[in-house]
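Just so it is clear, none of the values below were taken in a lab; they were calculated from the coordinates. Treat the numbers as computed from the prediction; the structure is a model and nothing was measured. Cβ atoms come from the backbone with ideal geometry, glycine included; neighbour counts cover every protein chain shown.
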Amino acid sequence: MDPEHTEALLNHLEKQNGLLTETHKTMTQELQKLQVEEEMMMRKLYELMSTRRQNNKKMEETQNVSHGKEIVVVAEASDTTSSTSKALITYVRRRKKTQMPTQ
């Protein structure tokens, strides 16, 4: 290597090192932002899927009653209530018994 070009080459490499260090910092910050955003989106997705699962279950129960697969009956209250409190009415879902076809 020529001694007269060594200083220019060293300055060039130091500038490149500084630029690469700054780029690394910027990319690391952007990665951290994206990771936080991903975590937030995954939590929202989990909440959405939980809500959807609950809604599907409720809809299925409602359809079972409306299609006659289940009946809703009033359960008997076993304990006595005082005159100041209202009676508690409990509804119980039961599957309808399917009748065997007669031959």
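For segment 3-68, with the dipole built from +1 on Lys and Arg beta-carbon atoms and -1 on Asp and Glu ones, taken about the Cα centre, which of Met42, Met59, Gly18 lies farthest toward the positive end?
Of Met42, Met59, Gly18, it is Met59.
Provide the per-residue ³J(HN,Hα) series for segment 41-46, in order, calculated from phi with Karplus coefficients 6.51, -1.76, 1.60 and θ = phi - 60°, each as a whole number of Hz, with x at glycine and proline positions.
Once θ is set to phi - 60°, the couplings for segment 41-46 become 5, 5, 5, 5, 4, 4 Hz.
Using the basic label-point model (7 angstrom from Cα toward the beta carbon), what is the Ser50 to Ala8 distance in nanometres?
It works out to 6.5 nm between the two label points.
Could you size up the charge dipole of segment 3-68 around its Cα centre, putting +1 on the beta carbon of Lys and Arg and -1 on that of Asp and Glu, and report it in debye to the nearest 20? Could you put the intermediate results ahead of the total?
On the way: 9 positive and 11 negative charges, 140 e Å.
Roughly 680 debye, rounded to the nearest 20.
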